[in-house]
1. Rounded, prolate or oblate: pick one for region 1-67, where a ≥ b ≥ c are the square roots of the eigenvalues of its C-alpha gyration tensor, a/c under 1.5 means rounded, and failing that, prolate if a/b is larger than b/c, else oblate.
2. Straight-line reach only, C-alpha to C-alpha below 18 angstrom: list the aspartates and glutamates that K66 could link to, leaving out same-chain residues fewer than 8 apart.
3. Quick check on packing: order 410-423, 153-166 by the mean number of other C-beta atoms within 10 Å, highest mean leading.
4. Which one, H216, S413, A248, projects farthest toward the positive side of the charge dipole computed for the chain from Cβ point charges (K/R +1, D/E -1)?
5. Return one number: the angle in degrees, 0 to 90 and rounded to the nearest 10, between the long axis of the Cα atoms of helix 31-43 and the longest principal axis of the Cα atoms of the chain.
6. Accessible area per residue, 1.4 Å probe, Å², for region 94-168: what's the number?
7. Is the shape of region 278-407 best called rounded, prolate or oblate, per the rule: a/c under 1.5 gives rounded, else a/b larger than b/c gives prolate, else oblate, with a ≥ b ≥ c the square roots of the Cα gyration tensor eigenvalues?
8. So for region 352-483, taking the charge dipole from beta-carbon charges (+1 Lys/Arg, -1 Asp/Glu), which of Q364, L385, V447 sits furthest toward the positive end?
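The values are calculated or read from the model by the stated rules, or taken from the named source; none is laboratory data. Here the structure is a predicted model, which is why all the values come from computation and not from measurement. Methodologically, a virtual Cβ is constructed for each residue, glycine included, from the backbone with ideal geometry; neighbour enumeration extends over all protein chains shown. These accessible areas exclude ligands, DNA and RNA; they are computed on the full protein's heavy atoms, side chains included. Shrake-Rupley method; radii C 1.70, N 1.55, O 1.52, S 1.80 Å.
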Amino acid sequence: MSQAIEGLEPAAVWKYFAEIARIPRCSKHEEAMTSYVLSTAKKLGLEARADKHGNVVVRKPASPGKEHVGSIALQGHLDMVCEKNKETVHDFAKDPIVLVRKGNILMADGTTLGADNGIAVATNLAIMEDRSLVHGPLEFLFTVDEETGLTGASNLEPEFVTSRTLLNLDSEEEGHLYVGCSGGRDTIGTWKASYEAVPGGFVAAELKVAGLKGGHSGLEIDKNRGNAVKMINRVLLRLAGLGVRLAALDGGNKHNAIPREAEALVFIPKKKWEQAAAAAADCGEILRGETGSVEPDLSVTLTATKKKAKVLPRALQAKICRTIAALPHGVTKMSADIPGLVETSTNVAVVRTDRKSVTVATSQRSSVASEIDEICQTVAAIFTLGGADVRGTDGYPGWKPNMNSAVLQLAKSTYRQLFGKDPEVKAIHAGLECGIIGERYPGMDMVSFGPTLEAVHSPDEKIDIASVGKYWRYLLGILNNAR
């Protein structure tokens, strides 16, 4: 047993947490975890099966006197994000996660901890093992590949799970109940590129927008952070009035992130260099004034370069820049049911230029299916009007909050009974497996909760030890109170 968990309660949860810390489980490589869960269920004499994707369901009969209660599924995912510090020597394919205890915090030694979502897996295994607990019929659902595509949940078979009440154990703030999440899709516009020689009397320059905070395109979309692609495009439109020609435009890295940096290779009429430099500097001042204290490190620079290239035709340059200008970015609708919740948003995420094309990728999110249809149609229409070829991704479904949910009422009353106060009911403007599970199993009544985790997906990931005990007590209380 790892010394880091000695004496911690609930002992069974921490025992299993330490055991699975020794098992490789990076996303898309959860085979050992699937086998471990199946073998554990067999040792405990419980019915279990895996599907062809590696998802596992285990069934445990009701405790005496609770046979009449409707079956409840407890769900978490088997995979983890595998990240480490540059100086850390660690092979996630074979090396165990080294657990480190610092007061009331448990973390790993230079790697991700895997508490997301290892704590749910350990919790399920502990409940599977303990025959003294009071509960109705239970199903334990372990899904794969949540972190890189939600593909395990997306491929669940129709009868794999029979419960129509589900407790998702993949939230990260003790005392918070999540009852909704957004669905997401991408909409991408592409222009076929052609190039022509730079006119005589032009000089090359690099235009850059940098120093922005960026962030998750769902969780941070309401923070008024700057978008580097939208910002650099504003400068380009200003410079176009001086005859500046565009050779390349690149910015952003991921479809689900607000772009932090963008750069363009441009060619400026030599006689208008000073005007162009002044215009870029003025744009920088305007943008800093608009973003205020939100983006204190924003910089807009125009620097001479010796790079050689061809430029896009003026008409194509205009189409691209005008389209980016027209594309919406940010919150488009707030929830009417949950104060402060972003319901629908869109993000201008990435622009890339290569020899054959210029591509702009955008991402849309909403917890309401009809609204994500609408915002995707809006973005696609703008691309079409701008002359781009458009394609969209299938994405993943949202989970619309149901404030009259029976399991929500049970969860709220149990928290109040145990801790003397109401939990905070929230929804998240990001994807959860609940959205997909709800689509796979119509009528599924769900809530999501968990202990307190910080800095997940990074080597600074940590779990609050005390919150695990509280979360465990809460979960058992819900199962005991179910009627």
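1. In terms of gyration-tensor shape, oblate.
2. Correct list for K66: E129, D130, E139.
3. Those peptides, ordered most packed to least, come out 153-166, 410-423.
4. The Cα lying farthest towards the positive end belongs to A248.
5. 10
6. Heavy-atom accessible area per residue stands at 31 Å².
7. Since a/c reaches 1.5 but b/c is at least a/b, the shape of region 278-407 is classed as oblate.
8. Farthest along the dipole direction, towards plus: V447.
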